[in-house]
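Note sheet for the following structure.
The values are calculated or read from the model by the stated rules, or taken from the named source; none is laboratory data. Keep in mind it's a predicted model, so treat the numbers as computed, not measured. Counting neighbours? That spans all protein chains shown, and the Cβs are built from the backbone with ideal geometry, glycine included. We work out accessible area using only protein heavy atoms, side chains counted, and drop any ligands, DNA or RNA first. Shrake-Rupley method; radii C 1.70, N 1.55, O 1.52, S 1.80 Å.
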Amino acid sequence: MIRSSAGEPFSLLPAPAFRLALWFAAGILLGESCPLPVSAWGGAWLLLWALAALSIASGVILPPLRSLIAGCLLAATGALTLTAVAGDTPRLPDPPLSARVTVRGTVLTSPAEAGGRITFSLRADSCYAGSRGFRFPAVLAVTDRPGESGGGSGAVLPGMTVELRGLISAPPREGNPGEFSPRRYDAAQGICGILDVSGTGRIVIRDSSAGEGASARFTDAIRRSLLSHADSLLCGLEGEFMKDILLGERSGIPPGTKEALIDAGVAHVLAVSGYRVFILAGMIMAAMSLLRIPVPVRPCIAIPALLFYMLLTRCHPPVVRGTVMAIVFILARVAGRRAGSLNTLGVAALIVLGSNPRELLDAGFQLSFGAVLAVLAFMPPRREISAPPGRSLIARRGAGGILRSVRLSIVVSLGTLPLTAALFGRVSVIGVLANIVVVPATGAAMILGTAALCAGVLSGAAGAAYAALAGLLIRAMIRFSLLAASLPFATVESGRFGAAETIAWYAAMVFFARRKNRRWAARSLVILLAALNVIVFRPPDPVAAPPGGLLRVSMIDVGEGDAILVEFPRGGTLLVDAGPVSVAHDAGKKTVLPFLKMRGIRSLDVLLITHSDADHAGGASSVLEGIPVRSVIESPAGVATGASRAYRSAARERGVPRSSPGRGTMIAVPPCARFYVLWPPGAAGRGGAVKGRSPSNNSSLVCKLVYGGVSFLFTGDAEKEAEAEIVRSYGSFLRSDVLKVAHHGSESSTSGEFLGAVRPSLALISAGLRNRFGHPSPPLLRRLREAGAAVIRTDAHGAVLLASDGRCVREICWR
């Protein structure tokens with residue numbers, strides 16, 4: 001029999017709440033994968049109720065079958081609950097409102113600043129579009145850029161009735177296969193739309209009375225006071241980390257530091273998670289024990305304190321989950337039951353999922369409950385982890401604590417690895433070791449920070465002393481994390497685990513951990529072999545599978561920029577451009593490299609940069625730093641920019657040769673295809689061979705790919721002046737099945753004359769969602785429709801995946 005860390009048998013039989021939670025969660029997953037109407041799930045639920053009643057009344061049905069019927073009934077309840085909640089969520093008008101509208105509603109959360117934007121939630125009740133007004137009961141995420149709006153979103157507080165003017169849109173979907181989906185995340189929070197008020201100057205407070213937001217304002221005032229007190233005690237990066245550790249305020253932490261913590265596998269220190277709730281609960285219980293407060297009274301103090309902390313941290317979902325779990329554990333301990341049992345975990349899961357079934361689809365819920373379950377299943381009892389005898393008591397306890405910390409880090413890392421791989425496609429190797437230091441350091445920093453805030457009220461010197469100690473610990477933790485992130489192979493690409501891989505992993509863990517127990521070993525081995533057979537014999541995923549005899553052309557969604565991957569049938573890869581770069585975002589690192597690794601590409605044969613503008617060449621240096629590249633091809637008439645200097649420096653450091661072919665050149669690709677350079681004229685054209693508004697755009701490499709009877713035309717940002725020269729030079733040779741529309745669909749490109757020469761069947765446009773340039777332009781879209789070309793846009797459809805056998809081109813649907 002498996003034993004948990006509490007020393008009790010790890011079995012589902014004495015844990016009815018855990019079994020109920022499993023069935024309920026299975027029903028939620030079923031409802032998510034099979035989105036049937038409420039009436040269908042309601043009918044199934046009534047039918048199962050009738051079967052359950054019949055089985056109880058007749059007594060004929062065997063107990064195992066009755067248990068199965070009861071489980072299916074609970075699963076139907078989960079599916080019905082999810083469907084009902086999804087049906088109650090208001091939806092945006094159809095079609096969506098395209099003009100600015102005025103929305104009135106009640107502020108739900110305090111404004112929070114992150115990534116240069118201020119955001120808060122609003123429960124809308126009415127909407128006005130011009131002279132037309134209508135009821136609009138929906139929860140919206142309001143976004144504003146500081147300085148662009150004259151309304152002052154920073155003055156908005158929970159409970160206020162406000163009137164805002166802006167653009168309403170649906171939360172964006174994932175742009176590329178395997179990416180994080182903001183729409184799914186917002187749906188789990190009950191948010192159905194985004195109201196962007198940036199630059200409108202229109203945030204009007206209609207009612208500032210307390211109303212229903214009195215408690216939120218009270219806790220918000222305390223939060224601001226605590227943050228101000230923390231600033232006075234500790235400044236710099238250490239102070240920002242202390243504010244994050246205590247209250248989840250991480251707006252002052254630099255993006256580079258956040259990236260390093262993610263690579264080190266310790267990004268959890270940037271979130272107020274359930275772990276910190278348990279630390280706080282432990283501090284409260286220890287203080288009450290020292291004060292000799294009677295045991296029955298302790299929950300009456302601890303539970304309100306935890307609920308107040310939940311409000312102070314603005315009710316972040318991880319804190320809510322952690323608070324529920326902590327309260328259930330406290331009550332279970334007071335009731336005389338073993339805290340940490342599967343039954344207690346099941347009760348917490350049922351409370352969380354019963355109140356919001358969409359929590360099951362949240363990554364934080366999966367990781368937090370997965371970590372606790374792994375500890376219960378695979379962490380030996382405390383008495384089994386101890387240092388060898390023959391040393392002093394203090395030495396043995398210290399060594400035992402280190403051994404337990406190591407075992408805990410390994411168990412949690414292995415237990416959440418398939419979930420991490422399924423969610424992010426990569427796992428941190430160094431994180432197993434880093435967390436041995438960082439997890440207890442975070443707890444100690446939280447204790448010292450809390451002591452600093454509390455002592456500072458009574459004595460400024462005492463508060464400063466505790467804050468100084470917390471600062472030293474945080475500084476050491478940051479340096480250790482940065483060192484861990486700099487090590488080679490700190491993180492590895494694992495590929496995204498599916499259901500079969502996840503089941504196989506957990507079955508293997510159970511088999512090796514409990515191989516001495518024949519019953520558990522036999523069951524886990526059968527499950528492991530079945531999952532491995534599914535992995536081996538299931539059909540390949542058309543999105544992630546190798547080309548397999550087909551030419552693959554993928555236009556990656558990089559926002560307002562270009563990045564196109566070409567995969568040849570029998571090997572060979574070519575990347576045309578690498579996306580944009582800005583102060584806040586590097587598409588090469590964040591989007592292009594993950595897409596290449598998702599496709600199983602570990603090196604590039606050719607990196608072709610059409611021209612040196614940042615929206616095309618910006619991500620090239622990150623691509624060169626991220627994977628091996630055999631050659632770089634650039635325009636012979638390029639204009640020097642910061643982006644071009646960065647990728648040339650990266651190529652030079654890695655010994656990657658660069659070349660600048662002019663028109664009439666053929667680029668070496670596998671013999672099954674031909675790749676022609678059509679423009680620009682060559683080095684002699686430097687300085688602007690074609691007059692026009694943008695010499696940089698008109699110096700773009702324009703190339704044609706021919707595979708069998710199918711051809712693709714890549715045009716960079718070439719404008720009408722360059723297009724006219726290309727048409728005069730090549731005429732009917734320009735005819736192509738697929739056209740990558742130049743300059744993101746700008747009116748300055750893709751003239752009628754050029755379209756008449758190309759005559760594409762399919763036109764691809766790479767543009768950013770709600771970009772400030774208005775790309776693609778309506779006149780251009782009209783010209784494409786008149787030319788008979790089907791249009792696919794990354795801002796509307798996400799990444800575009802095409803496959804060709806040399807006779808036709810088909811789109812691979814990945815959403």
Selection count where residues are under 17 Å from Pro488 (Cβ atoms) and part of a helix (DSSP H, G or I), scope region 613-629: 2
Residue identified as at pLDDT 85 or above and in contact with a Cys (Cβ under 7 Å, 6 or more places away or on another chain) among Leu80, Leu48: Leu48
Any hit, region 578-594, residues being open to solvent by 30 Å² or more (accessible area, probe 1.4 Å), among the β-branched types (Val, Ile, Thr) and closer than 17 Å to Gly716 by Cα: yes
Counted residues, region 789-804 - those being outside any strand (DSSP E or B) and either farther than 24 Å from Arg772 by Cα or in contact with an Asp or Glu (Cβ under 6 Å, 6 or more places away or on another chain) (or both): 4
Flag for Phe24 being within 30 Å of Ala377 (Cβ to Cβ) and modelled with pLDDT of 85 or more: yes
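Somewhere in region 740-748, is a residue within 20 Å of Pro681 (Cα to Cα) and assigned to a helix (DSSP H, G or I)?
Step one: filter region 740-748 for residues within 20 Å of Pro681 (Cα to Cα), giving 742-743.
Those still in the list that are assigned to a helix (DSSP H, G or I) too: 742-743.
There is at least one residue in region 740-748 that is within 20 Å of Pro681 (Cα to Cα) and assigned to a helix (DSSP H, G or I).
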Close pairs (6 angstrom Cβ cut-off, 6 or more residues apart or separate chains): within 17 Å of Phe120 (Cβ to Cβ) and among the small types (Gly, Ala, Ser) in region 178-204, modelled with pLDDT under 80 and surrounded by fewer than 17 Cβ atoms within 10 Å (Cβ to Cβ) anywhere: Ser198/Arg145; Ser198/Glu148
Members of region 511-541 that are at pLDDT below 90, part of a helix (DSSP H, G or I) and open to solvent by 80 Å² or more (accessible area, probe 1.4 Å): Phe512, Arg518, Arg519, Arg523, Val536, Phe537
Per-region count, region 34-86, residues open to solvent by 80 Å² or more (accessible area, probe 1.4 Å), closer than 30 Å to Arg184 by Cα and among the small types (Gly, Ala, Ser): 1
Those residues of region 620-646 which are closer than 20 Å to Gly662 by Cβ and either touching a strand residue (DSSP E or B) at 6+ places or on another chain (Cβ under 7 Å) or buried (at least 18 other Cβ atoms within 10 Å of the Cβ) (or both), in sequence order: Ser631, Val632, Ile633, Glu634, Ser635, Pro636, Ala637, Gly638, Ser644
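Going through region 531-565 one residue at a time, which ones are among the basic types (Lys, Arg) and touching a Phe, Trp or Tyr at 6+ places or on another chain (Cβ under 9 Å)?
Arg552 - this is the single residue of region 531-565 that is among the basic types (Lys, Arg) and touching a Phe, Trp or Tyr at 6+ places or on another chain (Cβ under 9 Å).
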Some residue of region 656-667 being surrounded by 23 or more Cβ atoms within 10 Å (Cβ to Cβ) and out of contact with any Lys or Arg (no Cβ under 8 Å at 6 or more places or on another chain): no
Filter result (modelled with pLDDT of 95 or more, hydrophobic (A, V, I, L, M, F, W, C) and farther than 11 Å from Asp586 by Cβ) within region 618-648: Leu624, Val629, Val632, Ile633
Residues within region 420-450 that are open to solvent by 30 Å² or more (accessible area, probe 1.4 Å) and assigned to a helix (DSSP H, G or I), tallied: 14
Residue within region 496-506 that is touching a Phe, Trp or Tyr at 6+ places or on another chain (Cβ under 8 Å), over 30 Å from Arg538 (Cα atoms), touching a residue at least 60 places away in the same chain (Cβ under 8 Å) and not in a loop (DSSP other than H, G, I, E, B) present: no
Single unsatisfied condition, Leu345 versus (1) at pLDDT 75 or above; (2) under 28 Å from Lys243 (Cα atoms): (2)
All positions within region 192-221 that are modelled with pLDDT under 85 and assigned to a loop (DSSP other than H, G, I, E, B): Cys192, Ser198, Gly199, Thr200, Gly201, Arg202, Ser208, Ser209, Ala210
Among residues of region 133-143, those that are modelled with pLDDT of 85 or more and either surrounded by fewer than 21 Cβ atoms within 10 Å (Cβ to Cβ) or charged (D, E, K, R) (or both), counted: 3
Residue in region 458-466 that is open to solvent by less than 50 Å² (accessible area, probe 1.4 Å) and at positive phi present: no
Flag if Leu784 is open to solvent by less than 40 Å² (accessible area, probe 1.4 Å) and either in a strand (DSSP E or B) or out of contact with any Pro (no Cβ under 9 Å at 6 or more places or on another chain) (or both): no
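Does Arg552 fit the bill of being in contact with a Cys (Cβ under 7 Å, 6 or more places away or on another chain) and in contact (Cβ under 8 Å) with a residue 60 or more places away in the chain?
So Arg552 fails the test.
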Subset of region 468-499 (residues that are under 25 Å from the mean Cα position of the chain (by Cα), more than 18 Å from Thr257 (Cα to Cα) and surrounded by 15 or more Cβ atoms within 10 Å (Cβ to Cβ)): Glu493, Ser494, Gly495, Arg496, Phe497, Gly498
Extreme residue, farthest from Phe365 (Cα to Cα), among residues of region 155-170 that are touching a helix residue (DSSP H, G or I) at 6+ places or on another chain (Cβ under 8 Å) and buried (at least 19 other Cβ atoms within 10 Å of the Cβ): Met160
Pairs with Cβ under 6 Å, 6+ apart, first in region 620-635 and without any contact (Cβ under 8 Å) to a residue 40 or more places away in the chain, second acidic (Asp, Glu): Arg630/Asp605
Flag for Ala326 being closer than 18 Å to Met283 by Cα, small (Gly, Ala, Ser), at pLDDT below 85 and buried (at least 17 other Cβ atoms within 10 Å of the Cβ): yes
Residue match in region 739-750 (condition: modelled with pLDDT under 95, of a type in the set (S, T, N, Q), out of contact with any Leu (no Cβ under 9 Å at 6 or more places or on another chain) and open to solvent by 20 Å² or more (accessible area, probe 1.4 Å)): no
